[in-house]
Amino acid sequence: MTKLGETPSRAPKRFYKAATAERDAGGFVIHLDGRTAKTRKGGALRAAAQSLADAVAAEWMAQGDQIDFARMPMTRYAMTACDCGAVDAEIWREATLAFLKSDLVCYRAAEPAELARRQSAAWEPLLDWAASEIGVRLRTGAGVGFIEQPQVAVTAARAALDAATAEQALGVKTAAEISGSAVIGLALLRRAFPAELLFAASRIDEAFQAERWGVDEEAAAREEALKRDFLDAARFLSLV
């Protein structure tokens with residue numbers, strides 16, 4: 001399965017003046033100076049939604065003398081969906097479902113009490129939403145012991161993922177991987193909470209530890225990268 005974010009080892013030179021999103025029978029195709037842009041596997045770079053196609057075209061237009069794919073997240077998402085969606089959409093759904101069985105928001109700290117309080121304050125609204133809106137009622141517990149989730153909850157989550165398009169399944173899977181939570185990924189898909197709030201909810205433990213012990217530059221850079229990737233996933237989901 002192609003990994004999101006794979007980029008050429010050397011940045012290619014810009015070879016076009018204009019990038020546009022053009023409608024065709026299957027949605028929208030990205031054109032570079034009137035020619036169809038290609039994905040990594042040589043297929044047409046396209047999107048079903050005009051909003052995503054316009055965002056991809058804007059990224060191509062924003063490039064300088066060289067094409068920096070690291071700064072083109074919507075293009076990378078679109079390419080992955082084009083190249084792999086037909087084959088890997090089910091794998092993406094299953095990957096998200098796997099997080100549900102050990103979901104971050106179900107495991108609370110036994111101590112310290114302040115951390116447990118913060119976890120509850122951040123995660124209970126997410127669990128309440130999942131139960132009321134998509135029928136995913138999950139069990140919670142303190143400590144690291146495995147929590148067996150009800151099959152009815154897994155089935156409900158599966159139904160929510162089955163209703164997602166391949167593009168949406170890719171975005172949800174990415175958000176679940178970053179956050180460690182299928183609930184957070186599904187909440188992002190349904191736009192149930194602001195993306196910034198959902199990311200913060202996924203970093204309760206790390207924020208608590210940083211308050212106690214401080215943050216070094218490497219850890220801070222890692223947090224910023226995770227946040228950027230999560231917000232990119234949120235934007236992608238908002239466009240598809």
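Just so you know, all these numbers are worked out from the coordinates, no wet-lab data involved. As the structure is a computational prediction, the values presented were derived from the model and not from experiment. For neighbour counting, all protein chains shown are included, and Cβ atoms are generated from backbone atoms with ideal geometry for every residue, glycine included.
Checking the cross-link filter: which lysines have an alpha carbon closer than 17 Å to that of Lys227, excluding same-chain neighbours under 8 positions apart?
Lys173
Loop-only chymotrypsin sites (Phe, Trp or Tyr not before Pro) in the range 11-58, please: DSSP not H, G, I, E or B, and at most 12 other Cβ atoms within 10 Å.
Answer by residue number: Phe15.
If you average 1/r over all unlike Cα pairs in the range 49-110 and invert the result, what Kirkwood radius do you get in angstrom?
Computed over the range 49-110, the radius equals 14.4 Å.
Between Met61 and Thr165, how many nm apart are label points set 7 Å from Cα along the C-beta direction?
Between Met61 and Thr165, the label points sit 2.1 nm apart.
Run the paramagnetic zone check for Glu148: 7 angstrom along Cα to Cβ, then residues of the range 92-114 with backbone nitrogen under 19 Å.
98-103, 106-107
Suppose every K and R has +1 on its Cβ and every D and E has -1 on its Cβ; what is the size of the dipole of the range 19-85 about the Cα centre, in Debye to the nearest 20?
Approximately 240 debye in magnitude.
Dipole magnitude of the chain about its Cα centre, charges +1 at Lys/Arg Cβ and -1 at Asp/Glu Cβ only, in debye to the nearest 20?
Charge dipole, the chain, about its Cα centre: 640 debye, nearest 20.
Projected area of the range 169-216, taken from the Cα convex hull and averaged over every viewing direction, in nm²? Write out the running numbers ahead of the final one.
Numbers: hull surface 14.4 nm².
Mean shadow area of the hull around the Cα atoms is 3.6 nm².
With Cβ to Cβ distances under 12 Å as the rule, what net charge do the other residues near Cys106 carry (K, R +1; D, E -1)?
With Lys, Arg at +1 and Asp, Glu at -1, the net is +1.
Run the quick spin-label model on Asp33 and Ala48: label points 7 Å from Cα toward the beta carbon, then report their separation in nm to one decimal.
About 3.3 nm, to one decimal.
Which value at 222 nm does the chain reach when only helices count, each DSSP H run of 4 or more adding -39,500 (n - 2.57), with the total divided by all residues and rounded to the nearest 500 deg cm²/dmol?
About -18500 deg cm²/dmol.
Largest first and in whole Å, give the semi-axes of the range 88-239's equivalent ellipsoid, each being the square root of 5 times a Cα gyration tensor eigenvalue.
24, 20, 12
When only DSSP loop residues count, what trypsin sites (Lys or Arg not before Pro) in the range 36-97 have their Cβ near at most 13 other Cβ atoms within 10 Å?
Hits after loop and neighbour filter: Lys41.
Assuming R0 = 51 Å, what is the FRET efficiency of Asp24 and Asp128, from their Cβ-Cβ distance, to the nearest 0.05? Walk me through the intermediate numbers first.
Details: r = 43 Å, r/R0 = 0.85.
E(calc), rounded to 0.05, equals 0.75.
Please arrange Asp229, Asp33 by counting, for each residue, the other beta carbons lying within 10 Å of its beta carbon, fewest first.
Listing Asp229, Asp33 from fewest to most nearby Cβ atoms yields Asp33, Asp229.
Using r as the Cβ-Cβ distance of Lys41 and Arg117, and R0 as 45 Å, what FRET efficiency do you calculate, to the nearest 0.05?
Efficiency for this residue pair is about 0.35.
Let me know the shape class of the range 1-151, please: from the alpha-carbon gyration tensor, a ≥ b ≥ c as square roots of the eigenvalues, rounded when a/c is under 1.5, otherwise prolate if a/b is greater than b/c, or oblate.
Judged from the Cα gyration tensor, the range 1-151 comes out prolate (a/c at least 1.5, a/b above b/c).
For the range 1-126, with the dipole built from +1 on Lys and Arg beta-carbon atoms and -1 on Asp and Glu ones, taken about the Cα centre, which of Val105, Ala49, Leu115 lies farthest toward the positive end?
Sorting the options by dipole projection puts first Ala49.
Around Ala160, with a cut-off of 10 angstrom between Cβ atoms, what is the net charge of the other residues, counting Lys and Arg +1 and Asp and Glu -1?
Every neighbour counted, the sum reads +1.
Where the eigenvalues come from the Cα gyration tensor of the range 143-201, what are the semi-axes √(5λ) of the equivalent ellipsoid, largest first, in whole Å? Display every interim value, and only then the final one.
Numbers: eigenvalues 72, 57, 19 Å².
Each semi-axis is √(5λ); the values are 19, 17, 10 Å.
Using DSSP to call loops (not H, G, I, E or B), can you name the GluC sites (Glu not before Pro) in the range 133-202 whose Cβ has at most 10 other Cβ atoms within 10 angstrom?
Answer in residue order: Glu148.
Stretch Asp216-Ala98 to full length: gain in nm at 0.36 nm per residue minus the Cα-Cα span? Don't skip to the end; give the middle numbers.
Details: separation 118, 0.36 × 118 = 42.48 nm, distance 3.18 nm.
That pair, Asp216 and Ala98, stretches by 39.3 nm at full extension.
What ranking of Arg14, Arg23 emerges when the number of other C-beta atoms within 10 Å of each C-beta is taken as an exposure proxy, fewest first?
Lowest count first: Arg23, Arg14.
Mind checking the angle between helix 151-162 and the chain's longest principal axis? C-alpha axes, 0 to 90 degrees, to the nearest 10.
For 151-162 against the chain, the angle is about 20 degrees.
Could you tell me how many degrees, from 0 to 90 and to the nearest 10, lie between the Cα long axis of helix 217-239 and the main elongation axis, the longest principal axis, of the Cα atoms of the chain?
70
Give the order of Glu206, Glu217 when sorted by the count of other beta carbons within 10 angstrom, beginning with the fewest.
Glu217, Glu206
Where does helix 204-213 land angle-wise versus the long Cα axis of the chain, in degrees 0 to 90, nearest 10?
Here the helix axis deviates by roughly 80 degrees.
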